[in-house]
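Undergrad: The structure is given below, and queries will be raised subsequently.
The values are calculated or read from the model by the stated rules, or taken from the named source; none is laboratory data. As the structure is a prediction and not an experimental result, all values here were calculated from the model. All Cβ positions, glycine included, derive from the backbone under ideal geometry; neighbour counts span all protein chains shown.
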Ligand code: SF4
């Protein structure tokens, strides 16, 4: 399918071919689903909402409920104020969520609908809440949309109501799977601290089969807990792109100090997460976690010869790619092509510089690499054509490149549309790293088996 991609790299002044990102509202919906009894609402046309819901459903294999302002020609010309007010009334009457989380689409952003003013003029039943985030897809990516909605949660819901901060942490996990969120909670729980995680899609996007269809599963961060986040001592923002803006808003609004850490992928980032908890709350790391870490080191030592010197092309969301780059370097691999579709810093966002951060890690390890923020998969394939790799790591869309270039492929990130179960299992923490080692070595050894001559086809590898 991608056999005609040219090797010759020409300067492009504009245009994206095979994007490595998707719409802001997809991230906003995913974040909103991490609030208990919250219904995401798409302020725009039905087509956007249908696409966003189906994309999330295909990755998580779970129903994704979201309402829409259902713009038609009239709203497109005169604005969507009436549509949103009607939607707010109908949604609370018919579906009875505790919170409606409104996000915008390109159309309503282009019209310039003033969402806070519309919400103020809407009939919101007593005890119910409407929050919002502006999510124009001609800026940033789904990660920006996630970040914007988490900022919206903090802006609307969090309050500092106590003179003295509570001995508890806020944890903003970033755009990761529910399996990762469960693992981050398990690690924090094992450290013996009180914490509030938001958003939290565990128990929502990995809810059990009970035989009954429920619009609002048991999981998700409670509104009262997000409110209480304003009384916490510290916010641990995991992943600068998805989580740091909300932590900064919470600091400014409620005086909760912020600590931005990497998404805890691999040994070093997981160590940093646990050390931050240990130092803030003077806790000891329990033996159970030390044991897991030791097991991971043992596994990495046992398998290092599978990885050493292998060249990797890596793409995906910036926080995950940054964490994966560090982990791959720790395995002795060489990430020679590293790309994210998310721009290096969306307008209004205060996130760091993807290219600089990744380059510094690679330079420290002595690896010469191409690194790009705001890139696309056409470019990544051209890089691979010019400098071949032993392995490709990224979301489902990488399978086309893997097939065209005949390279082993490991699916990590969002979206993964052609495999199931993945969202239940973590890639974060020590256990997540063990899983990654298994996935990567499995892909490399499968390829070695495939290519082995009859006399070299080994039973023990
Ligand atoms: S119009 Fe904008 S929000 Fe809607 S699907 Fe297209 S890019 Fe996404």
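Undergrad: Going through region 112-144 one residue at a time, which ones are within 12 Å of the ligand (Cβ to nearest atom), within 22 Å of residue 95 (Cβ to Cβ) and either in the same structural domain as residue 198 (by TED's automatic domain parsing) or outside any loop (DSSP other than H, G, I, E, B) (or both)?
TA: Residues satisfying the conditions do not exist here.
Undergrad: When you check residue 41 against the structure, is it within 16 Å of the ligand (Cβ to nearest atom), in contact (Cβ under 8 Å) with a residue 60 or more places away in the chain, over 17 Å from the mean Cα position of the chain (by Cα) and buried (at least 21 other Cβ atoms within 10 Å of the Cβ), yes or no? It would help to see each step written out before you state the result.
TA: Working: within 16 Å of the ligand (Cβ to nearest atom): yes; in contact (Cβ under 8 Å) with a residue 60 or more places away in the chain: yes; over 17 Å from the mean Cα position of the chain (by Cα): yes; buried (at least 21 other Cβ atoms within 10 Å of the Cβ): yes.
Taking the combined requirement at face value, the residue satisfies it.
Undergrad: What residue, of 29, 17, is within 15 Å of the ligand (Cβ to nearest atom) and either under 19 Å from the mean Cα position of the chain (by Cα) or not assigned by TED's automatic domain parsing to the domain that holds residue 216 (or both)? Let's see the steps before the verdict.
TA: Values: 17 fails: within 15 Å of the ligand (Cβ to nearest atom).
Just one listed residue meets the conditions, 29.
Undergrad: Take the residues in region 85-111 that are within 16 Å of the ligand (Cβ to nearest atom) and either in a helix (DSSP H, G or I) or modelled with pLDDT under 95 (or both); name whichever of them is surrounded by the fewest Cβ atoms within 10 Å (Cβ to Cβ).
TA: So the first thing to find is which residues in region 85-111 are within 16 Å of the ligand (Cβ to nearest atom), and the list is 101-111.
Filter once more, so that each one left must be either in a helix (DSSP H, G or I) or modelled with pLDDT under 95 (or both): 106-111.
Values: 106: 18, 107: 19, 108: 28, 109: 19, 110: 13, 111: 18.
By that ranking, first place goes to 110.
Undergrad: Does region 324-344 contain at least one residue that is surrounded by fewer than 19 Cβ atoms within 10 Å (Cβ to Cβ) and modelled with pLDDT under 95?
TA: Restricting attention to region 324-344, the residues satisfying the condition of being surrounded by fewer than 19 Cβ atoms within 10 Å (Cβ to Cβ) are 330, 332, 344.
Subsequent filtering for residues that are modelled with pLDDT under 95 retains 344.
Checked against the condition, which is being surrounded by fewer than 19 Cβ atoms within 10 Å (Cβ to Cβ) and modelled with pLDDT under 95, region 324-344 yields at least one hit.
Undergrad: Would you mind stating whether residue 70 is within 16 Å of the ligand (Cβ to nearest atom), free of Cβ contacts under 8 Å to residues at least 40 places away in the same chain and assigned to a loop (DSSP other than H, G, I, E, B)? Steps first, please.
TA: Working: within 16 Å of the ligand (Cβ to nearest atom): yes; free of Cβ contacts under 8 Å to residues at least 40 places away in the same chain: yes; assigned to a loop (DSSP other than H, G, I, E, B): yes.
Against the criterion (within 16 Å of the ligand (Cβ to nearest atom), free of Cβ contacts under 8 Å to residues at least 40 places away in the same chain and assigned to a loop (DSSP other than H, G, I, E, B)), residue 70 qualifies.
Residues are listed down the side, and each one gets a yes or a no for (1) under 30 Å from residue 374 (Cα atoms); (2) buried (at least 22 other Cβ atoms within 10 Å of the Cβ):
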site	(1), (2)
126	no, no
144	yes, yes
155	yes, no
173	yes, yes
181	yes, yes
191	no, no
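Undergrad: Given the conditions (1) in contact with a strand residue (DSSP E or B) (Cβ under 8 Å, 6 or more places away or on another chain); (2) closer than 30 Å to residue 197 by Cα, and given that residue 54 satisfies all but one, which numbered condition is not satisfied?
TA: (1)
Undergrad: (1) part of a helix (DSSP H, G or I); (2) more than 26 Å from the chain's Cα centre (by Cα); (3) farther than 18 Å from residue 394 by Cβ: which one isn't true of residue 434, the others all being true?
TA: (2)
Undergrad: I've got another one for you. Is it true that residue 424 is touching a residue at least 40 places away in the same chain (Cβ under 8 Å) and either within 21 Å of residue 174 (Cβ to Cβ) or assigned by TED's automatic domain parsing to the domain that holds residue 55 (or both)? Walk me through it before giving the result.
TA: Values: touching a residue at least 40 places away in the same chain (Cβ under 8 Å): yes; either within 21 Å of residue 174 (Cβ to Cβ) or assigned by TED's automatic domain parsing to the domain that holds residue 55 (or both): yes.
Spelling it out, residue 424 is indeed touching a residue at least 40 places away in the same chain (Cβ under 8 Å) and either within 21 Å of residue 174 (Cβ to Cβ) or assigned by TED's automatic domain parsing to the domain that holds residue 55 (or both).
Undergrad: Now for a separate question. Considering only region 269-287, state which residues are out of contact with any helix residue (DSSP H, G or I) (no Cβ under 6 Å at 6 or more places or on another chain) and in a helix (DSSP H, G or I).
TA: 271, 272, 273, 274, 275, 276, 277, 278, 279, 280, 281, 287
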